[in-house]
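The values are calculated or read from the model by the stated rules, or taken from the named source; none is laboratory data. Given the structure is predicted, the values throughout are model-derived calculations rather than measurements. Positions of Cβ are generated from backbone atoms using ideal geometry, with glycine treated the same way; all protein chains shown enter the neighbour counts.
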Amino acid sequence: MSETISDVKKYNFIIHEFFHGFSLHIGAAILTLFVFTEGFSKSFVSVAWMIPVFPIVAFLFILLFGHYDPRRGGSIALVGVGLSSVFSLSVAYEVLITNSLHGGFEESSRVWFSGQTYAFEFGTYIDSLGALLLLVVGLVSFLVIVFSTSYMHDEGDRQVRYFAEITLFVAVMLGLLIANSFLLMFIFWELVGVCSYLLIGFWYEKPSAASAAKKAFLVTRVGDVFLLLGLVILFNTFGTLRYSELFSDPTLLADHSDELKWATLCIFGGAVGKSAQFPLHFWLPDAMEGPTTVSALIHSSTMVKAGVFLVARSYPLIVHSPDTAIYIAVTGTVTAFVAASMAMVMNDIKRVLAYSTISQLGYMFLGLGTGAWTVWHATHEGVEVHAQGYMAGLFHLMNHAFFKALLFLGSGAVIHAVHTQDMREMGGLRKSMPITSTTMGLGVLSISGFPLLSGFWSKDEILEAVHHNGEYDSTFSLLWWMALLTAAMTAFYMTRMWFMTFSGPEERYVETMAQSKDHSDTGNWILRKDKIEVHAHEAPYVMTVPLMILGTLAVFSGLSLVLGDGFGARVYYGSHHGEGGMIQWGIINHILLSPLTHLSVAVGMSGMFLGVLFYRRGPDGKSAFSADFVSENAITKPFHTFLINRLYMSKFFNWFGMRTWDTFARACDWFDLNVIDGVVNGVANLSQVFSHRVRKINSGFTGHYASLTVGGLGAIVLLTRIIMPFMGWSL
Amino acid sequence: MIDPINYLIFSSVLLMIGAYGVIKNKNAIVVLMSVEIMLTAANINFIGFSSYYHDLSGQVVALFVTAIAAAEVAIGLAILLSLFEQRDTIELDLLNRLRW
């Protein structure tokens, strides 16, 4: 007996050791796999299929064995996602740094099943676009999971579910990036939707979280229907959905520009749903109901970037349809503008960031749409062109992933420390959370477009591309103005967020009316000052180290534009003539000396300056100007109310839904109850009444049966022998 | 030679009498006897046409019918006996439980 117990102890000890010494194991596993893969392939691109396999295996392991893990599945998630990150980064290194594909692509495919006319193939398709996204997703998802192991610590056994879901989420997103056909990508696309549903509704016992999850799922579903429609059009037109076959023949594509117009519009519809663009944007702020780490993952790399990726992936199709290109650009700009305006009035720190994400995604779509239009226009004129908008949009995607993950994880650390999401209840956290406040400050500067930080380069590239197109089409001039204004608003609301959270005194006094001590005798009230103390403390290293890494990236990732061959020499569409050398001085000169840059920097800085004026709280807890007059002034109050109610969009959709679909549903219900049920019940009633009458024949008297038999015989004889011959009938 | 119409008329009348007895009588034994009359009517047809066509198979069938009728009566009387033991009556008007 004693032997068994010691055995169990030993067993537990082994498991314990295994999971606690996991860092060693990660290292060993990575090394082994590295040697292994190096041995049989010499190239990570050719084993890209392994990237999503690791997290999927980890997902299964967490489901089965997560409860044995002292981190409740966190270690397994770290190993699985860590390995796939290593592979993703290696692929990105090969493609983007060593330029192993030379601007082309590498595809590998297997037949899964085949019918008479169509074989469903699955495989990988890696080009510079996919490699860029792999870099972003691989890096950010691993950092988010490291962060989660600490952030989700209080959740106990529910962490198993969390880690299982988030690992699957990462897996399907990576699968989406390396899929080699639209169909396979659509499968992963839907899986991403399911995982986001599960994660947003992680605290499903909260009604708001449950309804937010439903909302996210249903709203993105609207886009998914469009996407499927677009794929059907593509398949009907070209008979294939594989990227390599679809994109191989530009003249064939150009001949079918009408079909392509509708197909790309529908595909962009899918992107609108997934990336929360204007008419379908309202699910994203509600998706904040999930854990903050999930928001960071969704917003920075995983879910919403899928839409941008989709548009960039279908670029060879979009460039044949100028209408789609302009529609994408306009949608992006409107979204960027509207979302930025709403971000200026939100008080929930995560909602500010959510609207900021929507706005920045709008920026990316603006860049992509602009680039597509440029390519179409140049092809029309018969010249080759480098689609600056394409490069700028994807460049912004990468930079945004880093600084938005940083901002979200930072806000997660803040929420973890102060246990509230309302920025009005924060303030004065700068002293107690130095690392978080500094890194988030870098993120804020970066997204606001502070010169030489990453957001500055990409935003400027997008603005320049749009302005350049304005010479040919005045629509783009308008878009440029709106985008410029959006840049100012971005700087303003980001500054506002940072100062509301971190500036001001650590201790604040709130004046309240209270009953005095002798209230029962005199009925006097006194003005009491309540002290609000900040009990926040800096987050543990597991949480701050990812912040520091992301902070570094947020500052320096923009430099990839000008270092080495430059970002544009790897991720481009059309033709690219880059200069050699370590640093692209031409681009630096071009950007730094351009009056457009000076204008956008001036606009951004003025937005930041306004934010500082209104929201920087001094040691006395007061800002230089009070922001209250905006919400109370007669002129601006309607705007403020309009924005703080989020343009009444949700309300409008509710009202619209009640008016249209609800009425329709009621009509269906009436029809079902009265007509369909009426027929069924009527038939049943009729036969019941009839049989009630007829069963009286079964009297139970033998004589009745006998007489019926004889009478029946007589009737048959009468019929066959007398009536039928008389009428001339025959049997 | 007797005209077959006479057999037919006779057997029809006998069948009607039997049927009337089955329908009208309340006593189960009398009903059984009426059934025997109906079978006899059928037998008369068999035998009559057998002699008309000089073919003996009709008479063979009549013998079979008689034998089977005897067996049937044996079973019927046995049923009536057990019925009488259980219900103390063989009045058919009182035995009408198998109805709607």
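Return the pairs, sorted by first residue and then second, in which the second residue is surrounded by fewer than 21 Cβ atoms within 10 Å (Cβ to Cβ) and outside any helix (DSSP H, G or I), the first residue lies in region A:60-86 and is in contact (Cβ under 8 Å) with a residue 40 or more places away in the chain and of a type in the set (F, W, Y), the beta carbons are less than 8 Å apart, and the residues are 6+ apart or on different chains.
none
Does region A:493-500 contain at least one residue that is modelled with pLDDT under 85, under 21 Å from A:G410 (Cβ atoms) and surrounded by 24 or more Cβ atoms within 10 Å (Cβ to Cβ)?
Taking every residue of region A:493-500 in turn, at least one turns out to be modelled with pLDDT under 85, under 21 Å from A:G410 (Cβ atoms) and surrounded by 24 or more Cβ atoms within 10 Å (Cβ to Cβ).
Table: residues versus (1) touching a strand residue (DSSP E or B) at 6+ places or on another chain (Cβ under 6 Å); (2) modelled with pLDDT of 90 or more; (3) within 13 Å of another protein chain (Cβ to nearest Cβ).
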position	(1), (2), (3)
B:F10	no, yes, no
B:M16	no, yes, yes
B:S50	no, yes, no
B:R97	no, no, yes
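Within region A:375-393, track down each residue that is part of a helix (DSSP H, G or I) and in contact with a helix residue (DSSP H, G or I) (Cβ under 6 Å, 6 or more places away or on another chain).
Result: A:W376, A:Q388, A:G389, A:Y390, A:M391, A:A392, A:G393.
Considering only region A:309-348, how many residues are buried (at least 20 other Cβ atoms within 10 Å of the Cβ) and of a type in the set (D, E, K, R)?
1
Which one is surrounded by the most Cβ atoms within 10 Å (Cβ to Cβ) among residues in region B:48-82 that are over 30 Å from B:L92 (Cβ atoms) and either within 17 Å of the chain's Cα centre (by Cα) or among the charged types (D, E, K, R) (or both)?
The qualifying residue surrounded by the most Cβ atoms within 10 Å (Cβ to Cβ) is B:V61.
Exactly one condition in (1) free of Cβ contacts under 8 Å to residues at least 24 places away in the same chain; (2) farther than 27 Å from A:V385 by Cα; (3) hydroxyl-bearing (S, T, Y) is false for A:T486; which is it?
With respect to (1) free of Cβ contacts under 8 Å to residues at least 24 places away in the same chain; (2) farther than 27 Å from A:V385 by Cα; (3) hydroxyl-bearing (S, T, Y), A:T486 is out only on (1).
Out of A:T374, A:T370, A:T379, which single residue is touching a residue at least 12 places away in the same chain (Cβ under 8 Å), in contact with a Pro (Cβ under 9 Å, 6 or more places away or on another chain) and β-branched (V, I, T)?
A:T379
What tally of residues in region A:721-731 results from selecting those that are more than 14 Å from every other protein chain (Cβ to nearest Cβ) and either under 20 Å from B:A19 (Cα atoms) or in a helix (DSSP H, G or I) (or both)?
Qualifying residue count for the region: 6.
Counting only residues that are out of contact with any helix residue (DSSP H, G or I) (no Cβ under 9 Å at 6 or more places or on another chain) and at negative phi, how many does region A:684-704 have?
Total satisfying the criteria: 13.
Considering region B:84-95 alone, what residues qualify as being closer than 20 Å to B:I23 by Cα and more than 7 Å from chain A (Cβ to nearest Cβ)?
Answer for region B:84-95, where residues must be closer than 20 Å to B:I23 by Cα and more than 7 Å from chain A (Cβ to nearest Cβ): B:T89, B:I90, B:E91, B:L94, B:L95.
Based on what the data block shows, is A:I447 among the hydrophobic types (A, V, I, L, M, F, W, C), surrounded by fewer than 19 Cβ atoms within 10 Å (Cβ to Cβ) and touching a residue at least 40 places away in the same chain (Cβ under 8 Å)?
Considered against the rule, which asks whether it is among the hydrophobic types (A, V, I, L, M, F, W, C), surrounded by fewer than 19 Cβ atoms within 10 Å (Cβ to Cβ) and touching a residue at least 40 places away in the same chain (Cβ under 8 Å), A:I447 comes out as no.
Scanning for something closer than 12 Å to A:T302 by Cβ and touching a Pro at 6+ places or on another chain (Cβ under 8 Å), does region A:140-157 turn up at least one residue?
For region A:140-157, residues closer than 12 Å to A:T302 by Cβ and touching a Pro at 6+ places or on another chain (Cβ under 8 Å): present.
So if I check each of A:R659, A:R695, which one is more than 14 Å from chain B (Cβ to nearest Cβ), surrounded by 10 or more Cβ atoms within 10 Å (Cβ to Cβ), of a type in the set (D, E, K, R) and in a helix (DSSP H, G or I)?
Criteria check complete, one pass: A:R659.
Counting only residues that are out of contact with any Lys or Arg (no Cβ under 9 Å at 6 or more places or on another chain) and touching a residue at least 60 places away in the same chain (Cβ under 8 Å), how many does region A:219-238 have?
Final tally of qualifying residues: 2.
Being among the polar types (S, T, N, Q), closer than 21 Å to A:D348 by Cα and in contact with an Asp or Glu (Cβ under 8 Å, 6 or more places away or on another chain), is that true of even one residue in region A:413-421?
The answer is yes; a qualifying residue exists.
Looking at (1) surrounded by fewer than 24 Cβ atoms within 10 Å (Cβ to Cβ); (2) modelled with pLDDT of 85 or more; (3) not small (G, A, S), which one does A:I462 not meet, given that it meets all the others?
(1)
Quick check: is even one residue across region A:700-720 without any contact (Cβ under 8 Å) to a residue 12 or more places away in the chain, outside any helix (DSSP H, G or I) and within 14 Å of chain B (Cβ to nearest Cβ)?
Taking every residue of region A:700-720 in turn, at least one turns out to be without any contact (Cβ under 8 Å) to a residue 12 or more places away in the chain, outside any helix (DSSP H, G or I) and within 14 Å of chain B (Cβ to nearest Cβ).
Within region A:667-692, track down each residue that is within 14 Å of chain B (Cβ to nearest Cβ) and small (G, A, S).
A:S691
For the condition polar (S, T, N, Q) and not in a helix (DSSP H, G or I), what is the one hit in A:T124, A:T167?
Result: A:T124 is the single residue among A:T124, A:T167 that is polar (S, T, N, Q) and not in a helix (DSSP H, G or I).
Just one of (1) touching a residue at least 24 places away in the same chain (Cβ under 8 Å); (2) within 14 Å of chain A (Cβ to nearest Cβ) trips up B:I44, so point out which.
The one condition B:I44 does not meet is (2).
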